[in-house]
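These notes are about the structure you will find just below.
Quick note: the coordinates plus some simple rules give every number you see, no bench work behind them. The shown structure was predicted, so the numbers you read here are calculated from the model rather than taken from an experiment. Here the Cβ positions follow ideal geometry from the backbone for every residue, glycine too, while neighbour counts run over all protein chains shown.
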Amino acid sequence: FGAGLLEELREKWGPHFSVYERKRPDYYPVLATTMGSCKLFPLLEKQLDASLIHPVVLIAPPGYPEMAILAGPIKDYGGEVVALVEICTDRSSIVNRLRNTRNLMIIIGFTGICLSFLLTWVVAVLFIRPIKDIVANAGEIADGKRETRLTAQSDDEIGLLTRSLNTMLDSLKERRRQVEHYAKTLEKRVKERTADLVTSEEKYRTLVDNLPLGVYRILCDGTTEFINPYFVEKLGFSTDEVVGYRGFWRSKIWGCDDQEAKEMLHVLIQNPNGIRTEREIWDKKGNRFVFIDHAIPFRDDKGVLKWFDGIMVDITEVKRLQEEALRGEEIRVLGEISERFAHEMRNPLATAGGFARRLRDSIKGDDPHEKMAQIILDEVGRLENILNVLLSTIKPFVLRMSEVDPQTVLRTSLEEIREQADSRKIALSASLLENRIPVSGDKDFLKRAFVSILRNAVFSMSEGGRLSVSTSLEGDNLVVWLRYPVKGVAEDDVTQFFIPRLTGDPGTNVHDLPLSKVIMHRHGGRIQVKRDGEDMVVTIELPVLKARGDDSRKCGSPGSEY
């Protein structure tokens, strides 16, 4: 490895060659070189040791960017490293070419970027601007500010998008017309429904105000929010008294204290269908009324009780009729019992009367027992008269109703008692209406009642008296007046007029007098008795079948004698 050989290699290949002899593992002096004086490259000193068997390549090492170094071992025949060859070449031209190439690529890249920006701007001008215009037009269409169609300038995608927007615009315009039509129709319907609701509300309020029912609304704190006029008219409390006093409903209607009112509210909360109860209520004047109170709770969406509405139905008259029906049933039962007792007593009295009569007839002369037997016979007869009166009063009867003129029946009744009146020198005076006044009644029972009342009047009067009978039409009632003088009339005689007084003379007893009052009541009429000075006045009212004109109110000739 002489310097000549290395020079030849350098001239042939170009790089510098250096050979370093290995004196010891860490010492390599220069044996031959084409670089003049040199020493082993510093980086190789750290990598070469006794075990070096592979070449080492260093390209652009730190501090030497323009150099490339190849170092490898030279071994003997035994495989031992005896020297190190170093090939060093100058990379300046390569580095310059690389630098020029890099600069060229930078210029080319920058030029490409500029061209891309330019092309992007061109695309923005040529393509994005129409899209921007289309977007702006679409916004106007969405806002309802555009009515005219868009102009399609090409057949590409932009033109297709423009035609699609025109189709959408036409569809929106059609939908807008439909919506406007629906809005007008809806507005018309709303006005009609509103008018119907207003009318319904007026009808409902009119109905509530005029119904014979008490309608109210009570808030949860006990305040009365609403009552209808019927409530005010029925109980006499003013609206201010009811609404202004929070405890009015609790104290006046419910009639309870605060604790009981809370319990009632709790019951309302637990019963969504409300409660229905019967209440006794006193009005402002202290009169008693009976109502059916039906309260219904009203809740909001969360189920919280807000108020409760109620309806109160006056059943005072119904309760009165029920009580009268119960009393009537009691009277009927008592009548049946009395009738049974009367029948049971009649047979023993008949037997006792028969034996008393036989006993009286068997006694002769002035035997004092004859008088006792006659007393027994008289008392038995008196008891039989009492039984006859009782039986005639409690015996059930059925009315066969038809159209009857009570004045005709009254004339017939006057004729029937005429003989008895003449025997007592009683003058009968009648002043009756000229026209026929029909009523619904039973002719036979009316005659029976009139005869009993007239006969009682004849027997109650003193001889030589006058019995006056007259009729008149007052409203829808035919009124019959009886007036006759009676001496020594006490207050009990008036109140107990229909309770007959049995005398010793059987011919003067009127058994049907109590029945006459029942007959008049069964005909829907009324009968009243009062005292006017020394006269007794009996008034009988019977409802007529239909209203009459003024000509039917004219009285007949007064003072006509029978």
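Observations, loosely collected:
- Inter-probe distance in nm under a simple model that places probes 7 Å from Cα toward Cβ, at VAL135 and LEU197: 4.6
- Efficiency of FRET between ARG189 and ASP283 - r from beta-carbon atoms, R0 51 angstrom, step 0.05: 0.60
- Between the helical axis of 316-362 and the longest alpha-carbon principal axis of the chain there is an angle of about 30 degrees.
- Counting only the Cα atoms, segment 52-178 fills a convex hull of 250 Å³ per residue.
- Summarising the label geometry, the points placed 7 Å from Cα in the beta-carbon direction at LEU118 and VAL486 lie 14.4 nm from one another.
- The length gained by stretching the chain between ILE363 and ASN271 to full extension, at 0.36 nm per residue less their Cα-Cα distance, is 24.4 nm.
- Pairs over the 30 Å Cα-Cα cut-off, from the set LYS285/LYS306; LYS252/LYS530; LYS252/LYS319; LYS184/LYS302; LYS203/LYS285: LYS285/LYS306; LYS252/LYS530; LYS184/LYS302; LYS203/LYS285.
- Rounded, prolate or oblate (a/c below 1.5 giving rounded, otherwise prolate when a/b exceeds b/c) for segment 431-478 by Cα gyration tensor: oblate
- Assuming charge only on the beta carbon of Lys and Arg (+1) and of Asp and Glu (-1), the dipole of the chain about its Cα centre is about 1080 debye to the nearest 20.
- Per-q log10 I(q)/I(0), segment 211-314, q = 0.13, 0.22, 0.24 Å⁻¹ (Debye; single scatterer per alpha-carbon; no solvent): -0.43, -1.30, -1.54
- Each of LEU305, ILE106, MET461 was placed along the dipole of the chain (beta-carbon charges, centred on the mean Cα), and the one lying farthest toward the positive end is ILE106.
- Only helices enter this figure: runs of n ≥ 4 DSSP H residues, each worth -39500 (n - 2.57), summed and divided by the residues of the chain, yield -16000 deg cm²/dmol at 222 nm to the nearest 500.
- Semi-axes of the equivalent ellipsoid of segment 171-248 are 46, 15, 7 Å, computed as sqrt(5λ) over the eigenvalues of the C-alpha gyration tensor in descending order.
- Rounded to the nearest 0.05, the FRET efficiency derived from the C-beta distance between LEU104 and GLU21 at R0 = 41 Å is 0.35.
- Look at TYR77, TYR484 and count the other Cβ atoms within 10 Å of each Cβ; fewest to most, that gives TYR77, TYR484.
- Relative to the dominant Cα principal axis of the chain, helix 443-460 is inclined by about 50°.
- Those aspartates and glutamates that a straight Cα-Cα span of less than 18 Å connects to LYS132, excepting residues fewer than 8 apart in one chain: GLU140, ASP143, ASP155, ASP156, GLU157
- Rounded to the nearest 10 degrees, the angle from helix 258-270 to the longest Cα principal axis of the chain is 60 degrees.
- Cα-based shape type of the chain, given that a ≥ b ≥ c are square roots of the gyration tensor eigenvalues and the cut on a/c is 1.5: prolate
- Cβ-derived FRET efficiency at R0 30 Å, ASP493 paired with THR412, nearest 0.05: 0.60
- Of the residues ASN228, LEU387, VAL479, the one whose Cα sits farthest towards the positive end of the charge dipole of the chain is ASN228 (charges of +1 on Lys and Arg Cβ, -1 on Asp and Glu Cβ, taken about the Cα centre).
- Here the spin labels are modelled as points 7 Å beyond Cα on the Cα-Cβ line, and at SER93 and VAL232 they lie 12.6 nm apart.
- Farthest toward the positive end of the dipole of the chain, out of GLY72, ILE376, SER402, is the Cα of GLY72, where the dipole comes from beta carbon charges about the Cα centre.
- In plain terms, the chain from ARG149 to MET401 could stretch by 81.5 nm, reckoned as 0.36 nm per residue minus the Cα-Cα distance.
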